[in-house]
Amino acid sequence: MALLAPTSVAIPKLLLPLPSSHTKQLGSPVSSSAVFLDHLSGRRPSPNSIRWRRRNRSRIVVVSFTEEKEQVVPVNDTDSQHLGPLSSAIVDEGGGDERGRIVSRGINAAIVLGFGTLAVSRLLTIDHDYWHGWTLYEILRYAPEHNWEAYEEALKSNPVLAKMAISGIVYSIGDWIAQCYEGKPLFEFDRTRMFRSGLVGFTLHGSLSHYYYQFCETLFPFQGWWVVPAKVAFDQTVWAAIWNSIYFVALGFLRFESPANIFRELKATFLPMLTAGWKLWPFAHLITYGVVPVEQRLLWVDSVELIWVTILSTYSNEKSEARISDDAASETESISSGNSSSKESNQS
């Protein structure tokens with residue numbers, strides 16, 4: 001913005017009393033208040049005041065221009081033009097983050113609604129080849145029974161793949177529940193993290209559990225009442241320790257962490273995870289080994305796994321995120337200390 005036009009400086013402004021700092025800088029022998037009083041009273045100004053006024057008129061005008069220039073600097077058009085791209089970039093960056101969150105939320109909602117719709121439609125349309133003449137009541141009445149029969153047929157034809165699919169779905173949903181429990185909104189979950197947990201459940205838990213329950217029956221081939229507590233004790237010591245370690249290590253490698261970090265975090269969380277399982281699984285496994293047949297055990301266990309995977313995923317990801325934040329904080333601190341030391345060396 002250019003300097004103010006000369007018409008913007010009124011004549012009475014020249015006669016106003018100046019601050020003491022200005023009068024000292026001007027070095028005037030006559031008080032500016034005396035000049036102002038002469039003007040108000042209508043008295044004829046003294047020769048000294050006239051000379052002072054003529055000699056310092058230009059200086060007063062310069063001071064007035066300086067004061068007004070300082071007042072209008074914040075609304076300078078030129079400055080606003082220079083700051084325009086920067087401010088627009090900041091706004092664009094914030095808007096970009098918000099748009100990214102909206103897009104990610106939409107993708108997550110599409111995934112949940114898509115898979116949910118697919119699962120419900122498959123469960124409800126199990127008898128679609130025989131629906132001719134059926135009422136809605138008959139469709140809903142026979143759907144659970146026929147779905148159970150289809151599941152048993154899958155166990156007979158390909159038991160390992162069926163159990164892998166069930167474990168993969170359960171571990172994905174369990175991690176989603178864990179993220180919601182940690183405070184994330186319903187459709188703002190971490191897709192990569194949920195995929196990792198589901199992948200571990202599909203590739204490892206389903207297949208290993210299939211062979212473990214068969215091995216457990218071979219290890220305890222007895223029919224006494226004491227067999228159930230023995231199986232529960234073996235499950236919650238040997239098998240729980242093995243599976244918790246496998247899950248933790250597999251997730252660590254899928255996060256591309258170093259083996260040293262993985263095993264250090266596993267060592268720190270091994271006992272807490274094991275003891276946390278003792279609050280849940282002994283009661284559930286009284287049903288697992290006492291009531292449920294061998295081929296159906298994984299389905300029952302996976303139903304309880306929705307709770308347990310929430311605990312496992314929370315333990316695993318909390319340690320990883322805490323370590324990442326600690327590493328970032330230490331790196332920032334080292335950078336700041338390096339900058340301060342370099343400044344001290346430059347000053348010296």
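The values are calculated or read from the model by the stated rules, or taken from the named source; none is laboratory data. As the structure is a prediction and not an experimental result, all values here were calculated from the model. We place every Cβ from the backbone using ideal geometry, glycine too, and count neighbours over all the protein chains shown. We work out accessible area using only protein heavy atoms, side chains counted, and drop any ligands, DNA or RNA first. Shrake-Rupley method; radii C 1.70, N 1.55, O 1.52, S 1.80 Å.
For this structure, a couple of remarks:
- Modelled FRET efficiency - R0 25 Å, R191 with A165, Cβ distances, 0.05 increments: 0.80
- Note on T218 and S245: the extension gain reaches 7.3 nm, defined as 0.36 nm multiplied by sequence separation minus the Cα-Cα distance.
- For region 189-197, the Karplus equation 6.51 cos²θ - 1.76 cosθ + 1.60, evaluated at θ = phi - 60°, returns couplings of 6, 7, 5, 5, 5, 5, 5, 4, 5 Hz by residue, with Gly and Pro reported as x.
- Taking θ as phi - 60° and the Karplus parameters 6.51, -1.76 and 1.60, the scalar couplings of region 148-156 work out to 5, 5, 5, 5, 5, 5, 5, 5, 6 Hz in sequence order, x denoting glycine and proline.
- Linear extension gain, S104 paired with F283, 0.36 nm per residue minus alpha-carbon span: 60.5 nm
- Share of carbon and sulfur in the accessible area of region 93-210 stands at 67%, probe radius 1.4 Å.
- Separation of the I139 and N158 label points, Cα + 7 Å toward Cβ, nm: 2.8 nm
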